[in-house]
């Protein structure tokens, strides 16, 4: 019998991997996803990004690369959620930050399988809380709302003009 959340997570990861050059990781609590293949850049550096479920960068935190439960590298994430882990040898590692853990098979440039990603994209499991954005800013950022406002701004003068023209025509 399939574990439904784990099965759906696998489908999500496979779908994201097909359509992007990075892989999105978001696992249910207590679930450790299967490993992913990542390739080092030409400088032997692992690059990636960490975001919350809304796609906003998770900044000013650490990312740890673990090799058999020993810290292989610990780096700081920048303000845009990007990280660069230098001087990594190919192998199998655990990439961990906050409440995200991902098993990674890291490959040297030119040796990775075709499906290997050039960048890791980690998505935190942090719950999304509504009401974190100012309401006016939220509504004005919505294209449908802006289109409606523009239609009203255009329609009111037209209706007023036609109503005034009808009053003068009836006189």
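The values are calculated or read from the model by the stated rules, or taken from the named source; none is laboratory data. The shown structure was predicted, so the numbers you read here are calculated from the model rather than taken from an experiment. Cβ sites come from the backbone with ideal geometry, for glycine too, and all protein chains shown count toward neighbours.
Observations on the structure shown:
- Total residues in the stretch 94-138, condition farther than 20 Å from residue 48 by Cβ and either surrounded by 14 or more Cβ atoms within 10 Å (Cβ to Cβ) or at pLDDT 85 or above (or both): 0
- Of all residues making up the stretch 18-65, the number that are in contact with a strand residue (DSSP E or B) (Cβ under 9 Å, 6 or more places away or on another chain), under 18 Å from residue 92 (Cβ atoms) and at pLDDT below 90: 8
- Count of the stretch 55-88 residues, restricted to those that are over 14 Å from residue 122 (Cβ atoms) and in contact (Cβ under 8 Å) with a residue 40 or more places away in the chain, is 3.
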